[in-house]
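These notes are about the structure you will find just below.
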Amino acid sequence: MFSIHDESAVISLLEANGHKKFRYAQIENAVYKNLITDFEKIETLPKEIRALLSENCYFMSLSVKTAVTSDDGQTTKFLIETKDNKFLEAVIMRHLSGRNTLCVSSQVGCPMACTFCATGKLGLTRNLEFSEIIEQIMIAVHHLAKEDKKLRNVVYMGMGEPFLNYENVKRSIEIACGQKKLDLSSRRITVSTCGIVPGINKIAEDFPQVSLAISLHAPTDEARSAIMPVEQTYPLDKLMAALDAYVTKTNKRIFYEYIMINGLTDRPEYAHALANLLKGRLAHVNFIPYNPGEGSSDSPMQPTSKIMIKKFQDTLEAVGVPSTIRHTMGDDIDAACGQLALKEQEEK
Ligand code: SAH
């Protein structure tokens, strides 16, 4: 059995059984445009092909364990189980402006071990297949369709480090953006990395339109290595050199995520260091208040106050670096950063 999202496998199956290639276009249309999830219901196909597909392909390998919507209705978090009984999560964010964003996972767990991140505590279990990433997107597309809504943005900001699973992430983006497939605008796809330099180089080549977010979180080597082990492999000078090359190649503004942790990343001198680092670069900073989430009992970390974040913002503004203070969504349903899957794992 293979995924219906595996185009070349489906085409080979059709051809091996003496069917014309154009049948694939009908399948594609049914799956991605008409959102059909039962091969028997693809009426454009002869019965024989429907049976062939049913015997050899599946729509979904993932199963949704829970879908919890926050009290304000803006956020829905899916706890999802894989065929081999691993847990991952995906989150829909319905912004008031009407745009709907899905946050997808790229790995089960994560090997990067950032000290503030719940997923980092899990370690890496395995990479997700490209089809498992697309299935998360299909889950959201179907869920939103029931509300008469459309998915507009996809952010690779769930569990995992996308650039350590590059080929699967790449194939998933191709399907998400394919005109005959989900046809999302590549500008509305954002891949977020903790700073894996080879991945930054590759995405500039493969998807110059896709948006790039960097989890920077600290403006000096010293401060960064205290919270992000990746700093040992890709120190700031290497990272910034890769990002400069990225901007030269794509002419795209980079989003820098900066987590505000009380007493740790929010020291006044870091505001100036951050301003100096990004001054003159094509950058937009997103300040994320640290989310203590579940498991916060054993963590001494606390979020920075809004007033302090504002000071950082002013320091950046003084040198012409634009920034946004992100508000947290879905706090009441643990819809941030591996929290629900972490809980699931701990209960096991
Ligand atoms: N590995 C990629 C993708 C994960 S994105 C990356 O690091 O970019 C998830 C984002 O949430 C990252 O910016 C991550 O640093 C941030 N994050 C993790 N734990 C958090 C927490 N407790 N509070 C706020 N943001 C957090």
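The values are calculated or read from the model by the stated rules, or taken from the named source; none is laboratory data. Treat the numbers as computed from the prediction; the structure is a model and nothing was measured. With ideal geometry, Cβ positions are generated from the backbone for all residues, glycine too; neighbour counts draw on all protein chains shown. Side chains are part of the model used for accessible areas, which takes the heavy atoms of the whole protein and leaves out ligands, DNA and RNA. Shrake-Rupley method; radii C 1.70, N 1.55, O 1.52, S 1.80 Å.
Here are the numbers for the structure shown:
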quantity	calculated
Convex hull projection area averaged over all views, region 194-285, Cα basis, nm²	5.4
Two-decimal log10 I(q)/I(0) for region 17-103, as the Debye equation yields it once each C-alpha is a single scatterer, q = 0.25 Å⁻¹	-1.13
C-alpha long axis of helix 236-250 to longest principal axis of the chain, angle in °	50
Cross-link partners of residue 21 among aspartates and glutamates (Cα-Cα below 13 Å; sequence separation of 8 or more within a chain)	7
For region 87-229, with +1 on Lys and Arg beta carbons and -1 on Asp and Glu, the positive-most of 203, 137, 169 along the dipole	137
Qualifying lysines (Cα of each under 26 Å from Cα of residue 86; at least 8 residues distant if same chain)	65, 77, 121, 170, 343, 348
Chymotrypsin sites (Phe, Trp or Tyr not before Pro) within region 71-136, DSSP loop, no more than 10 other Cβ atoms inside 10 Å	none
The chain, dipole about Cα centre (Lys/Arg Cβ +1, Asp/Glu Cβ -1), debye to the nearest 20	1020
Projected label distance in nm at residue 115 and residue 225, using a 7 Å step from Cα toward the beta-carbon	1.3
Solvent-accessible area per residue, Å², over the chain with all protein chains present [probe radius 1.4 Å]	45
Charged-residue dipole, Cβ positions (Lys, Arg, Asp, Glu), region 1-137 about Cα centre, Debye nearest 20	200
Net charge, residue 64 excluded, C-beta distance under 11 Å - Lys, Arg +1, Asp, Glu -1	-1
Angstrom value of the Kirkwood radius, inverse mean 1/r, which spans all Cα pairs in region 1-54	11.0
Hydrodynamic radius (Kirkwood) for the chain, which is based on Cα pairs only, to one decimal in Å	21.2
Unit charges at the beta carbon, dipole of region 242-327: most positive-side option, 303, 288, 264	288
Once the Cα gyration tensor of region 236-298 is diagonalised, semi-axes √(5λ) in Å	27, 14, 10
